[in-house]
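Student: Have a look at this one.
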Amino acid sequence: MIKTIRKTALTLLLVCLLAGGLGSMVVTQENEYKLIRQFGRVERIIDYAGLSFKIPFIQTADTLPKEILLYDLAPSDVITKDKKTMLCDSYTLWRITDPLKFAQSLNGSITNAERRIDTAVYNSIKNVISNMDQNDVIRSRDGELSEAVMAHIGNNMDQYGLELLSVETKQLDLPSDNKGAVYERMISERDKIAATYTAEGQAEAKVIQNTTDREIAILISDAQAKAAQITAEGEAEYMKILADAYGSPEKAGFYSFTRALEAARASFVGKDNTLILPAGSPLAEIFMGR
């Protein structure tokens, strides 16, 4: 009987020692933090991969993720500056940067963290879109809206030991019940803008055409005036040449002789021509040497 009791006690002791040994080991993976708690309070944080130890039955180990996490927000209605309702469906990427602060402020709960993120992101999206017209919201879906939302949130998440890496919009659309009416109104507005641009272009073209016509008229007028001036100068030069040609008897006689020869040559057209001149002709007098 005594041997049986001793054997049982020894077995229980070995089981306790084995349980204590196993309970004192803490295995940390590359993508996680280990929070060692003692009576609910965080005693230390293990942020490296490997094997560590804790006091069995007194200390406990909680696990927090170290990798980037995704939180998908529920779709919600938002109202633009021009009082248009839109449906926003977005998600955010985040990670834990300070495990101790995360444990103290959010009790180390991912669910609590997602609630804080949901509130912050939704309020930021609502405030940003409420200061934008619907057309601006639609045009900013290529990244501008995400940047504005992130800037509005700022570093508010630092107090919880977490960091928001990005806020992305999966869908930003019109509610299905008024989508058709909104599209028709947008088409009508675009048509009005196009008509305005067309009218402005036509007015600008008319101004350019009138300006060009006026410049052409001025150029033609200047050219005609210049041509008249050159003609007058040519005629004056011609008259001066004539005056010089008849300025003395010798020049006048030579000029008359030259003109007579040119006239005689002009009268000979073809072959076997005869020039008959009256005796009193000035040309005959030149040829006769009178």
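The values are calculated or read from the model by the stated rules, or taken from the named source; none is laboratory data. This is a predicted model, so every value here is computed, not measured. A quick note on method: Cβ atoms are made from the backbone with ideal geometry, for glycine too, and the neighbour counts reach across all protein chains shown. These accessible areas exclude ligands, DNA and RNA; they are computed on the full protein's heavy atoms, side chains included. Shrake-Rupley method; radii C 1.70, N 1.55, O 1.52, S 1.80 Å.
Student: I'd like the FRET efficiency for residue 230 and residue 274, computed as 1/(1 + (r/R0)^6) with the beta carbon distance as r and R0 of 41 Å, rounded to 0.05.
Tutor: On the way: r = 44 Å, r/R0 = 1.08.
It comes out at approximately 0.40.
Student: For each pair in 84/192; 101/170; 34/101; 170/192, compute the distance between the two Cα atoms and list the pairs where it is over 22 Å.
Tutor: Details: 84/192 20 Å; 101/170 31 Å; 34/101 14 Å; 170/192 31 Å.
As for pairs spanning more than 22 Å Cα to Cα, those are 101/170; 170/192.
Student: Continuing with this model, one more query. Fully extended, how many nm does the chain gain between residue 151 and residue 24 (0.36 nm per residue separation, minus their Cα-Cα distance)?
Tutor: Numbers: separation 127, 0.36 × 127 = 45.72 nm, distance 4.51 nm.
Fully extending the segment from residue 151 to residue 24 adds 41.2 nm.
Student: Pop out the ³J(HN,Hα) list for the stretch 216-231 in order, Karplus 6.51 cos²θ - 1.76 cosθ + 1.60 with θ = phi - 60°, rounded to Hz; leave Gly and Pro as x.
Tutor: For the stretch 216-231, the Karplus curve yields 5, 4, 5, 5, 5, 4, 5, 5, 5, 5, 5, 5, 5, 5, 5, 4 Hz.
Student: Which ³J(HN,Hα) values in Hz, rounded to whole numbers, follow from the phi angles of the stretch 85-90 under the Karplus curve 6.51 cos²θ - 1.76 cosθ + 1.60, where θ = phi - 60° and Gly and Pro get x?
Tutor: Working through the residues one at a time gives 8, 9, 9, 10, 10, 9 Hz.
Student: How much accessible area per residue does the stretch 71-111 have, counting only protein heavy atoms and a probe of 1.4 Å, in square angstrom? Let's see the in-between values first.
Tutor: Working: 2020 Å² over 41 residues.
Here the residues of the stretch 71-111 average 49 Å² of exposed surface.
Student: Moving to a separate point now. Among 75, 103, 48, pick out the residue whose Cα is farthest towards the positive end of the charge dipole of the stretch 27-114, where Lys and Arg carry +1 and Asp and Glu carry -1 on C-beta, about the Cα centre.
Tutor: With unit charges placed on the Cβ atoms, the residue in question is 103.
Student: So for the pair residue 91, residue 219, with labels modelled 7 Å out along Cα→Cβ, what separation do we get in nm?
Tutor: Going by the 7 Å Cα→Cβ label model, 6.5 nm.
Student: Under 18 Å Cα-Cα from residue 83, which aspartates and glutamates qualify once same-chain neighbours fewer than 8 residues away are excluded?
Tutor: 133, 136, 173, 177, 184, 189
Student: Another question, then. Sketch the reach of a paramagnetic label on residue 49 as a point 7 Å from Cα along Cα-to-Cβ, and name the residues of the stretch 67-107 whose backbone nitrogen lies under 14 Å away.
Tutor: 67
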